[in-house]
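Undergrad: To start, I am sharing the structure in question, which I have written as structure tokens.
None of the figures in this text is laboratory data; all of them are computed from the coordinates on show. Not measured: the values here are computed from a predicted model. Positions of Cβ are generated from backbone atoms using ideal geometry, with glycine treated the same way; all protein chains shown enter the neighbour counts.
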Amino acid sequence: MTFLIIFGGSSFEHEISIVSAITLKDKIKKHNLKFVFVDANRNFYLINKENMKSKYFANGEYKKATKLEITKGGFKYQKGFFKKDIFVEFEVAVNLIHGRDGEDGKIPGMLEFFDIKAITPNIEASVLSYNKVLTKDFAKLRGVEVIDYEIITKPKTKFVFPIIIKPARLGSSIGVSVVKSQDEFNYAFDVAREFDDLIIVEPFIKGIEEYNLAGCLADDWIFSKVEKVEKKEFLDFEKKYMDFARKESETNEIEKNLIEKLKENFKKIYKDEFENALIRCDFFYKDGIIYLNEINPIPGSMANYLFDDFDNVLENLAKNLKKEKEIKIDYEYINKIQMAKGK
């Protein structure tokens, strides 16, 4: 099977997406991969596999690659004197753009609009998971607990220090701070506002445990190993992203009963909303209660390190993608109007 990996985008997580794509290039052995890079100006480029190196993008060499345009059913470029259309051949696209463009619904919408078969969250799922406020409301409606929160417009909160302040519409850990005093709060608020104008605050709960679980629904449920996150206070940007390209997961011994409860909560979040996507849910656990922290609709390097056979997972999902329902347009209504007018 040939997968077309779409990565980059106009996003604060642009570079993380590049690293994710490079990681998949080395991780996926069974299937053929092709790569489409979306630069900061939202131009599409077909990237040769041998050029999938971070330096190639950082120094701008990618601009020498073949420029593409998105069209019905896929991507194309023109070749030769007569500018003949050449289509990029692939079976399934993989949306690997983290943050804005990829996770906010733009790329998913384009793929759906142009009838491109893809592993990606759909538009609605993207909107729900991209905005942490909507995520919390959605989780509660699905019967999944969440940590209390408050939307703030200035460095003032109902919660007692320490607290966690975070932009509501960014990838995990970007612009996030643990605040222990008002002076720190003032500074952290300004930092968060650099990334987003929708800011939320949560209480910092000492001793809370964090678990990551990835998965999808193909012909049946596919779950990754559960990863217990080892951290000092909270998982900052560097910890969360600089080591996600690791080849294997560092899992700990976790009670089977807890694993089953995490899977039950994952199903509540995923079912009938995130179909066609491989997602990772980050959960908190404290005093016997499981809380959803966030939904990663396009996790770093697709959380491949949490699966024993990622090639098989990707193939299984690709073979079970659901297509948007076709709407028949027959102009019956307009024809009836014309007939009534005697035309």
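Undergrad: Step through the residues of the stretch 269-274 one at a time and calculate ³J(HN,Hα) from phi using the Karplus curve (6.51 cos²θ - 1.76 cosθ + 1.60, θ = phi - 60°), rounding each to whole Hz and writing x for Gly and Pro.
TA: 6, 6, 4, 6, 9, 10
Undergrad: Run through the DSSP bridge list for the chain and note the antiparallel percent, rounded to the nearest 5.
TA: 75
Undergrad: Another one. Where both partners of a DSSP beta bridge lie in the stretch 2-121, what percent of those bridges are antiparallel, to the nearest 5?
TA: 50
Undergrad: Provide the gained length on full extension for the span residue 147 to residue 316, in nm with one decimal, where the gain is 0.36 nm per separating residue minus the Cα-Cα distance.
TA: 57.4 nm
Undergrad: Just want the answer: with Cβ charges of +1 for Lys and Arg and -1 for Asp and Glu, which residue in 161, 144, 173 is farthest toward the dipole's positive end in the stretch 124-173?
TA: 161
Undergrad: Express as a percent, rounded to the nearest 5, the fraction of DSSP beta bridges in the stretch 150-203 (both residues included) that run antiparallel.
TA: Around 100 percent of the beta bridges assigned by DSSP in the stretch 150-203 are antiparallel ones.
Undergrad: Moving to a separate point now. For residue 29 and residue 1 in the same chain, what is the full-extension length gain: residue separation times 0.36 nm, less their Cα-Cα distance, in nm?
TA: Stretched fully, the residue 29-residue 1 segment lengthens by 9.0 nm.
Undergrad: Shifting gears a bit: Treating cross-link reach as a plain straight distance, find the lysines whose alpha-carbon is under 20 Å from the alpha-carbon of residue 336, omitting any fewer than eight places away in the same chain.
TA: Qualifying lysines at Cα under 20 Å: 328.
Undergrad: To continue, here is another question. Points 7 angstrom from Cα along the Cβ direction at residue 330 and residue 42: gap in nanometres?
TA: 3.8
Undergrad: Evaluate the distance, in nm, between pseudo-label points positioned 7 Å from the Cα of residue 63 and of residue 81 along their respective Cα→Cβ axes.
TA: 3.0
Undergrad: Right, next: At 25 °C and 0.890 mPa s, what whole-number value in µm²/s does Stokes-Einstein give for the translational diffusion of the chain, with Rh from the Kirkwood sum over Cα pairs?
TA: 114
Undergrad: Sticking with this one: To the nearest Å, what is the center-to-center distance of the stretch 124-190 and the stretch 72-101, using C-alpha atoms only?
TA: 37
Undergrad: Can you list the residues, at least 5 places off or on another chain, whose amide H is less than 5 Å from the amide H of residue 279, using H built in the peptide plane?
TA: When sequence neighbours closer than 5 places are left aside, the close amide H contacts are 215.
Undergrad: Something else now. Calculate, in nm to one decimal, what residue 71 and residue 134 gain on full extension: separation in residues at 0.36 nm each, minus their alpha carbon distance. Kindly include the intermediate steps, with their values, before the conclusion.
TA: Values: separation 63, 0.36 × 63 = 22.68 nm, distance 3.17 nm.
The span from residue 71 to residue 134 would gain 19.5 nm if fully extended.
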